[in-house]
Amino acid sequence: TLHGIIMIFFNIMPGLFGGIGNYLLPIMVGAPEVVFPRANLYSLLLQPIAFALVVSSLYCEISGGTGWTLYPPLSTSITTLSVDCIISGLIISGIASVMSSVNFVCTFNSLKCIGMLLDRQLPTSWSIYLTSVLLLLTLPVLTAAFCMLLADRHYNTMLFDPTNAGDPILYQHLFWVFGHPEVYVLILPAFGIISLVLASTTSKEVFGNQTMIIAMASIAIIGCLVWVHHMYTSGVEVDTRSYFTTTTFLIALPTGNKIFNWICTLQSTTVSRYLGILQIVMAFIITFTLGGTT
């Protein structure tokens, strides 16, 4: 349970999105600082509180062995303080992420230097911007699901209890409406970093700069429409399965475009003193391609 939660919410997201975004986004749009520095500080200070709550679940009664998805009825039947600590920590972490996302969106839109057009922004700054938009769209849904879970646990609302006209599948929908875009929240900043490393080490613009931006926007849009492919074992009807399977296949198109653009950028460069860094980029491209084919 804690392996998944800590890895996603307290390791990759604060590092790739929060850390890299706070450092690189103002530099790339030509701003001296983010729009709301104090809100930025509050979001940073909320993360250790959320992390402490989640980790404290290990020491509360019998721990919260519900899996990182916190599916009911398991998460509602384990009536220990540990599950409450996990849920509360994730809600606070979500609030911190929303504050950072608002900050990044406003910085991207409002603090661009004079003459900086949207289509000339670097793919890295676009990746942070699109990640922020994804979080603003999906985190409120996840927070609502967690609040409903707390209400089921403490106020007997039975929203997810099938014996009282509740529906546990509703929680799965609410969770994965966030859970699948979260995959792209984790990978889009990495895409931006790879593009930045390539542009820096080859001393040229990434091949197809604008198509890279369009590809990331397409990935973000389609990524919000495919969440049910995480729920096929829940008994989804055939037509619904067909739609979500087809839409999932569509994500391969913009992703493939990014892969080929990176390869074209690499092909047009000569061996440089940055060979070690370029080998890491090539390893990422190969690993990501092999992972995508599975």
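Quick rundown of the values:
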{"item": "Rg/Rg_ref, the chain, where Rg_ref = 2.2 N^0.38 Å and atoms are Cα", "result": "1.09"}
{"item": "At R0 = 35 Å, FRET efficiency that the Cβ-Cβ distance of D167 and M7 yields, to 0.05", "result": "0.75"}
{"item": "3J(HN,Hα) from dihedral phi, the range 183-198, Karplus parametrisation 6.51/-1.76/1.60, rounded to Hz, x for glycine, proline", "result": "4, 7, 4, 7, 9, 4, x, 5, 4, x, 5, 4, 4, 5, 5, 4"}
{"item": "Cut-off under 5 Å, modelled amide H: who pairs with D167 long-range", "result": "F160, D161"}
{"item": "Neighbourhood net charge (14 Å Cβ-Cβ; Lys/Arg +1, Asp/Glu -1) for G30", "result": "+1"}
{"item": "Area projected by the alpha carbon convex hull of the range 131-225, averaged over all directions, nm²", "result": "7.0 nm²"}
{"item": "Spacing of the two label points (7 Å from each Cα toward its C-beta) at I280 and L44, in nm", "result": "2.3 nm"}
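Values quoted throughout were computed directly from the atomic coordinates according to the rules given, and no laboratory measurement underlies them. If you're wondering where the values come from, they're calculated on a predicted model, not measured in any experiment. Positions of Cβ are backbone-derived with ideal geometry, glycine not excepted, and every protein chain shown enters the neighbour counts.
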